[in-house]
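Comments concern the structure below.
The values are calculated or read from the model by the stated rules, or taken from the named source; none is laboratory data. Nothing here was measured: the structure is a model prediction, and the numbers come from that model. As a convention, Cβ positions derive from the backbone with ideal geometry for all residues, glycine included, and neighbour counts pool all protein chains shown.
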Amino acid sequence: MRAFNSTIKVKKKICSGCRTEQFIFSHGLCQQCAKIKSAKKSDDRDLEEDEESVAILKKDADILFSRVVRLRAAEPVTGMCYCYICNSPVHYTDAQAMHFIKRADSAIRLHPKNVRVGDKKCNEYMDGNLELYAKKLEAEEPRLSEWLYAEGKQVYKFTRDELKRMIADWTREIIHLKKVKQLK
């Protein structure tokens with residue numbers, strides 16, 4: 001048999017999918033098996049998209065953790081908190097979560113001892129003012145900055161389940177803190 005307008009003879013061969021003698025359509029499969037394989041591949045892609053990636057979960061966890069840190073430091077009713085470095089007042093919605101050890105893939109990325117409330121000036125423009133930050137940490141708890149440096153060198157990869165649990169916990173805590181402190 002020849003294909004339409006072709007000089008090439010098409011022969012029946014054994015389909016690698018259904019193991020029957022058929023005209024091969026694509027990649028060693030008959031037309032029906034090729035359609036089935038394509039549909040399965042499409043379904044697999046849909047499942048992968050449904051699973052939230054660790055990167056997306058990590059980003060969500062960062063946002064919620066920052067909000068928890070700022071809400072913990074906020075005063076009831078007014079929502080004001082004070083920069084850890086310069087002690088200037090800032091509303092919790094404008095405050096930032098200042099990391100002593102930068103986030104990267106650190107084991108202490110989401111550790112409360114590594115993060116304090118700060119204003120934009122100290123956190124961004126002065127790059128965290130790490131010298132004064134370290135002094136204040138040492139006054140608060142001796143050898144804390146050394147411990148943070150050591151722990152910060154440990155590479156840690158959060159699992160999907162860990163991140164989902166943290167997200168759920170922090171979401172509940174945010175709701176609770178807003179209710180208790182009468183904040184919006």
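Any residue that is at pLDDT below 70 and assigned to a helix (DSSP H, G or I) - is there at least one of those in the range 30-40? Scanning the range 30-40 turns up no residue that is at pLDDT below 70 and assigned to a helix (DSSP H, G or I).
Give me a count of the residues in the range 95-139 that are out of contact with any strand residue (DSSP E or B) (no Cβ under 9 Å at 6 or more places or on another chain) and either under 21 Å from Ile167 (Cβ atoms) or in a helix (DSSP H, G or I) (or both).
Narrowing the range 95-139 to residues out of contact with any strand residue (DSSP E or B) (no Cβ under 9 Å at 6 or more places or on another chain): 101-103, 110-113, 121, 125-127, 130-132, 134-135, 138-139.
Next, from what is left, pick out any that are either under 21 Å from Ile167 (Cβ atoms) or in a helix (DSSP H, G or I) (or both): 103, 110-113, 121, 125, 130-132, 134-135, 138-139.
Total meeting the criteria: 14.
The residue that is farthest from Arg67 (Cα to Cα), among those in the range 140-175 that are assigned to a helix (DSSP H, G or I) and more than 25 Å from the chain's Cα centre (by Cα), is Glu146.
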